[in-house]
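**Q** What follows is a single structure, and I will ask about it in a moment.
The values are calculated or read from the model by the stated rules, or taken from the named source; none is laboratory data. Computed from a prediction, not measured in an experiment: that's the story for all the values here. Every residue, glycine among them, receives a Cβ derived from its backbone with ideal geometry; neighbour counts consider all protein chains shown. For accessibility, only protein heavy atoms count, side chains too; no ligands or nucleic acids. Shrake-Rupley method; radii C 1.70, N 1.55, O 1.52, S 1.80 Å.
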Amino acid sequence: MGFEGDEESAANQVSTKSRFRYNSPLVQVTLIGLVCFCCPGMFNALSGMGGGGQVNPTAANNANTALYTTFAIFGILGGGIYNILGPRLTLAAGCSTYVLYAGSFLYYNHKQHQSFAIVAGAVLGIGAGFLWAGEGAIMTSYPPPRRKGTYISLFWSIFNMGGVIGGLIPFILNYNRGEAASVNDGTYIGFMCFMMAGTLLSLTILPPNKVVRDDGTRCTHIKYSKVSTEAVEIGKLFFNWKMLLIAPAAWASNFFYSYQFNNVNGVLFNLRTRGLNNVFYWGAQMVGSIGIGYILDFSFQSRRKRGFFGIGIVAVLGTAIWAGGLAKQVGYKHNDLPTKLDFKDSGSDFAGPFVLYFSYGLLDSMFQSMVYWVIGALADDSEILSRYVGFYKGVQSAGAAVAWQVDAHKVPLLTQLIVNWSLTTVTYPLLAILVMLAVKDDQKGEEPSINPASMDNNSKPV
């Protein structure tokens, strides 16, 4: 391991004059946003249809359980794998598994055999662990320390545009199929094309030691890691008090998807309206991420105060939105479902449930962007943050695996809502404690960035 020589360092210093250069954090975060636009963005649109676009959600529930079970394992391991393989191999391997998953539902559309979907879900869990560990490391370590909220919101907006476009695909292709129960083949093929494009795009991502910020600092000084090193460092995460405070937020952050997708969008709306709703659900995520990103970067001079304020905003908004969900949920249950709403034919009855689903999307992005900001404030080194984000995604996926089986076993809908509301509420004071104890206004708690101009050929990593 080591540093680049003086000549390359000088070249990088000259190249920092342009913010839109290929090796800038802005371009690299934009590229990883586009990768996630094509792969998990389209996956989100598919999941948001409720039941993977099928009339019976059983296959999708079981596939998602397999997905998040393997994701829980490989999410935690993903940070170490990223540090060993680097971004290109890690991301390309992860992206390719999304294509297989979408293809499994194309197969299910014809054969109605869920085995392929379950196996594809398990494989996707492995790939998603790779992808999200790499994405998290890039999103939290490449940006300048004082602008991490802005870059997180940039990534989240591009990523969720995938859900918006992905929502338009089933909406347009199934617009004249108002009474249809399952989406047509063209919907799945459209998703697969985007996912294949994302796999190719992942090869454009630069490793962190080649990314240079506008002030000349590199994102990390280490070129590669070893299996033994990563095994030890990943093991330490389970005894890291910072990660233990993050764990409840990680568990809660995807737990509500099965409820929102299957039992709000899937139960309350017909097929074409679910596609339209997804356009606005993921569009709301763009709005939410931009708003909370601005608060976390610009609301106060003190970074710690910004963290407290951001957590407070999300807590208040989250309480209001879940309260609105409760008011709607008391009106229906599994054995007493309402008539499905259509955006054209249902008149004013459509408005309230639509606004509720939109608000769920807004809250999701604000909650997850807030957690990513807190993680990013704990360190500034790609290796460390890849492990932190991997731990976060692993615990997140374990929670999601449980949640999809909760729905598969027809747990009462009101119980599901109360559990989701409680899980998110518990996280706010824990995150506030973490900000109070670990986030430093003067960045003393961060790992130092490396300025290549200050190095010589004899420099060694610490």
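**Q** Multiply the residue separation of L326 and Q112 by 0.36 nm, subtract the distance between their alpha-carbon atoms, and state the gained length in nm to one decimal.
**A** Length gained, L326 through Q112: 73.6 nm.
**Q** Would you mind putting 23-32, 377-386 in packing order, based on average other-beta-carbon counts within 10 Å, highest first?
**A** 377-386, 23-32
**Q** For V211, list long-range residues whose amide hydrogen, built 1.01 Å from N in the peptide plane, is under 5 Å from its own amide hydrogen.
**A** Under 5 Å from the amide H of V211: C219.
**Q** So between N240 and L414, what do we pick up on full extension, going 0.36 nm a residue minus the alpha carbon distance?
**A** 59.1 nm
**Q** Per residue, how many Å² of accessible area does the range 248-308 show with a 1.4 Å probe?
**A** I get 27 Å² per residue for the range 248-308.
**Q** Throw me the Rg/Rh for the range 204-339, computed over C-alpha atoms with Kirkwood Rh, two decimals.
**A** Using only Cα positions, Rg/Rh for the range 204-339 is 1.08.
**Q** Charges at C-beta only: +1 for Lys and Arg, -1 for Asp and Glu. How large is the resulting dipole of the chain about its Cα centre, in Debye rounded to 20?
**A** 300
**Q** Now a separate question. Given a Förster distance of 51 angstrom, what is the FRET efficiency for N176 paired with T229, based on the Cβ-Cβ distance and rounded to 0.05?
**A** FRET efficiency, N176 to T229: 0.35.
**Q** Continuing with this model, one more query. I'd like to know how the range 19-210 sits against the 2.2 N^0.38 Å rule of thumb: what's its Cα Rg over that expected value?
**A** Dividing the Cα radius of gyration by 2.2 N^0.38 Å gives 1.04.
**Q** Keeping the other protein chains in place, figure out the carbon and sulfur percent of the accessible area of the range 225-441, with a 1.4 Å probe.
**A** For the range 225-441, the apolar C and S fraction of the accessible surface comes to 70 percent.
**Q** Follow-up question, since we're still on this one. Skip the ligands, DNA and RNA, and give the accessible area per residue of the range 88-143 with a 1.4 Å probe, whole Å².
**A** On a per-residue basis, the range 88-143 sits at 30 Å².
**Q** At 0.36 nm per residue, minus the direct Cα-Cα distance, what do Y22 and D345 gain on full extension? Give it in nm, one decimal, please.
**A** 111.4 nm
**Q** When the gyration tensor of the range 101-177 is built from Cα positions, what are the square roots of 5 times its three eigenvalues, in whole Å, from largest to smallest?
**A** Sorted largest first and rounded, they come to 33, 20, 5 Å.
**Q** For the cross-link pairs K111/K393; K148/K410; K242/K333; K148/K210; K236/K440; K111/K340, which exceed 29 Å when the distance is taken from alpha carbon to alpha carbon?
**A** Pairs exceeding the cut-off: K111/K393; K148/K410; K242/K333.
**Q** Tell me the label-point distance for the pair I84, V119, using the 7 Å Cα-to-Cβ offset, in nm and rounded to one decimal.
**A** It works out to 2.6 nm between the two label points.
**Q** Using DSSP H assignments, which helices in the chain have an axial alpha-carbon span of 24 Å or above and a mean Kyte-Doolittle hydropathy of 1.6 or higher?
**A** Once both thresholds are applied, what remains is 413-438.
**Q** While we're here: Provide the packing ranking of 185-196, 93-104, 343-354, i.e. peptides ordered by the mean count of other C-beta atoms within 10 Å per residue, highest first.
**A** Taking the mean over residues of other Cβ atoms within 10 Å, the ranking is 93-104, 185-196, 343-354.
**Q** Give the dimensionless ratio obtained when the Cα radius of gyration of the range 225-441 is divided by 2.2 N^0.38 Å.
**A** Rg over 2.2 N^0.38 Å, computed on Cα atoms: 1.10.
**Q** Continuing with this model, one more query. Rank by packing, highest mean first: peptides 61-71, 285-295, with packing defined as the count of other Cβ atoms within 10 Å averaged across residues.
**A** Most protected by this proxy first, the peptides run 61-71, 285-295.
**Q** Pop a pseudo-label 7 angstrom from the Cα along the beta-carbon direction at both D441 and S299 and give the gap in nm to one decimal.
**A** Each label point lies 7 Å from its Cα, and together they span 1.6 nm.
**Q** Still on this structure: Given the options S253, L362, L378, identify the residue whose Cα lies farthest towards the positive end of the charge dipole of the range 225-441 (+1 on Cβ of Lys, Arg; -1 on Cβ of Asp, Glu).
**A** L378
**Q** List the residues whose amide H sits under 5 Å from the amide H of F269, counting only those 5 or more places along or on another chain, with H placed 1.01 Å from N in the peptide plane.
**A** Correct list: L341.
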